[in-house]
Amino acid sequence: MLSGIENLKETMKKDGHPDRFVNQYEFLNILVPDLYYMADYPLQPGQGYDQYGVLWSYPEGQMGAFPVHDAQHKVIKDITEWDKILTHKPVAPPVPEYWGMLNGIAAQTVPGEQYVTAFHTQGIFERFHALLGMDDAMIDLYEEPEASHDLIDFITEVELDFAKTIMDNVPTVNALFHHDDWGSDVNSFLPPELFDEFITPAYKKIYSYWKSRGVELVVHHSDSYAANLIPSMIDMGIDIWQGVFPSNNIPALVEKYAGQITFMGEIETRFIDLPDWTPEKVAAEVERACRKCKGPSFIPCLTAGMTGSSNPGVYETVTEEIKRMSRELF
């Protein structure tokens, strides 16, 4: 039986020979929480500000927080004035036990089975529209390209500072799990040419820096349609795209890109991680995904961007059903 990392590496090859499905996030020991950005960001229903000054609201009954963009709380109302508003870079909070905590989590990594994985939330595009509001952000990319580039450069520098700080303080890190949602269910938010003008160069800097510091594996989360952005993902240095919706047609993507990038997802969180979930519904969704996509460069996983589930028991049931499908299909 292959080790967890051996099985992952075989899965990622175009002509590899895994002996089972890679099961969700089993190969990542993710160093959470990401205190670097959280500040008073709400992890439970309520409200709080992040280090950029964005107010986040976590409504009861929802799965997470959303930025508040009314006239009072929008951080940047005129992108040409962004540098008068963001006068200081966010920095790691002065929590003495933070680095000891992360190194303690890192020490629990199972050798041969898991990577020590840094975690970064709210990437370049999400941070850009959180500061401006989605409508203004999309318009500014067209109407104020120079200011948009400058603001994205600022956000990129903050990310690079974050990467350096993590690697300086947790030197065993050898993988990165990075969030940034790039699309809806049916299309990317930006056309590929605009994406390559503003977003791709930032991530080439960020991911090349992580890899220069010893990171072997970059996993990027975008639970969306983004099939049209895959050449850009490969160019950035992404090894695994996590959160892949079925609308992307994973078998067709594997046919074209196997061995260059691996696709992790297909199991629809929004359809089964519900208050009325049942083991039968979960089993049917997992079986559909595994039978449809079995092959190289595919990892079955809930499309949500973290271990666990909003409704207790869903994630664990998915894990057990993937084990069942491994027994049946390998």
Filter result (under 11 Å from N169 (Cβ atoms) and surrounded by fewer than 19 Cβ atoms within 10 Å (Cβ to Cβ)) within the range 102-117 | N103, A106
Write out, first by first residue and then by second, each pair whose Cβ atoms fall under 8 Å of each other, whose residues are 6+ apart or on separate chains, and whose first residue, in the range 193-212, is touching a residue at least 12 places away in the same chain (Cβ under 8 Å) while the second is polar (S, T, N, Q) and part of a helix (DSSP H, G or I).
-> F195/S232; D196/S232; F198/S148; I199/S232; T200/S232; A202/T156; K205/T156; I206/T156
Having 3 or more residues that are small (G, A, S) is the bar; report the helices (runs of 4 or more DSSP H) wholly within the range 1-86 that clear it.
-> none
For the range 128-145, what are the residues that are assigned to a helix (DSSP H, G or I), surrounded by fewer than 22 Cβ atoms within 10 Å (Cβ to Cβ) and of a type in the set (D, E)?
-> D135, D136, E143
Determine which single condition F21 fails, assuming it passes every other condition in (1) under 18 Å from H179 (Cβ atoms); (2) at pLDDT 95 or above; (3) aromatic (F, W, Y).
-> (1)
Just give me the residues in the range 290-330 being of a type in the set (A, V, I, L, M) and in contact with a helix residue (DSSP H, G or I) (Cβ under 8 Å, 6 or more places away or on another chain), in sequence order.
-> I299, L302, A304, V314, V318, I322, M325, L329
Within the range 281-304, work out how many residues are open to solvent by 10 Å² or more (accessible area, probe 1.4 Å) and either closer than 15 Å to Q242 by Cβ or not basic (K, R) (or both).
-> 7
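Output yes when any residue across the range 15-22 is touching a strand residue (DSSP E or B) at 6+ places or on another chain (Cβ under 9 Å) and open to solvent by less than 40 Å² (accessible area, probe 1.4 Å), and no when none is.
The answer is yes; a qualifying residue exists.
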Kindly list, by first and then second residue, each pair from a residue in the range 48-65 that is among the β-branched types (V, I, T) to a residue that is assigned to a strand (DSSP E or B), limited to pairs with Cβ atoms under 8 Å and residues at least 6 apart or on different chains.
-> V54/P67
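Look through H88, H149, H69 and report the one residue that is in contact with a Gly (Cβ under 6 Å, 6 or more places away or on another chain) and open to solvent by 50 Å² or more (accessible area, probe 1.4 Å). So that I can check it myself, show each step before the final result.
On the way: H88 fails: in contact with a Gly (Cβ under 6 Å, 6 or more places away or on another chain); H149 fails: in contact with a Gly (Cβ under 6 Å, 6 or more places away or on another chain).
Only one candidate passes the filter, namely H69.
The values are calculated or read from the model by the stated rules, or taken from the named source; none is laboratory data. Every value quoted in this text rests on a predicted model; they were computed, and no experiment measured them. Neighbour counts are summed over all protein chains in view; Cβ atoms, including those assigned to glycine, are modelled from backbone coordinates with ideal geometry. SASA here: full protein model, heavy atoms, side chains in, ligands and nucleic acids out. Shrake-Rupley method; radii C 1.70, N 1.55, O 1.52, S 1.80 Å.
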